[in-house]
Amino acid sequence: MVVDDALLTGAGRAIERYGWRSATLERIADEAGVSRMTLHRRGVTREALLGALGERLERDYRAAMWPALTARGSARERLAQALAGYCGAVEDHLEVVAALEEADHAAIFHELGPRGLSRPGFTEPIRRLLEDGAADGTLAAGDAEEVATVLVNLVAWTYRHLRRGHGWTAERARRRVLDIALEGVAAR
């Protein structure tokens, strides 16, 4: 399959405009400015495009985490910055996140194995900050891998639901979600 940035951007626009279920290859082609036959010749499928958009989301998420990982300040302050960055990445991909939530695409987020954790690509930065917080006394991480999975899911899905389902502004959703998330891992 041959996928370039223009095609991924077009697929993202089609999903935003029509939702995943109605983002047909024809609509994706229209949004990308190519013909449906071009997609066919390239071997492009909706599922493969969604997978590539999921990879783009993960890259954007990791980029949003980097400033918090390298910042000065307490681990709690840096975790707040990281989770705000995560909200920003979700905001940039609201409809793609909704599409990926569907059961047949959930594997992009979930690690195989008995613990049922989220993939390290999504949790590793948070886990590191939780461990830093346990060391500096600002966070009570417990099992940092498990807590990171909870935080990533709490923030992503709750933020997305408040934005799409309740029509909250990005600022309101981010503030409320982060207040609760950070309080849940604060050192006591």
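Each reported figure results from applying straightforward, stated rules to the coordinates on display, with no laboratory input. Just so it is clear, the structure is predicted and the values come from calculations on it, not from any experiment. Every residue, glycine as well, gets a Cβ built from its backbone with ideal geometry; the counts of neighbours run over all protein chains shown.
As a proxy for reagent exposure, Asp92, Asp179 were ordered by neighbouring Cβ count within 10 angstrom, fewest first; the result is Asp179, Asp92.
The spacing between the stretch 7-26 and the stretch 39-72, judged by their C-alpha centroids, is 15 Å.
Computed from the alpha carbon positions, the gyration tensor of the stretch 1-44 leads to an equivalent ellipsoid with semi-axes of 16, 10, 8 Å, biggest first. Could you work out the percent of alpha carbon pairs in the stretch 55-185 separated by over 24 Å, rounded to a whole number? It works out to 23 percent of all Cα pairs.
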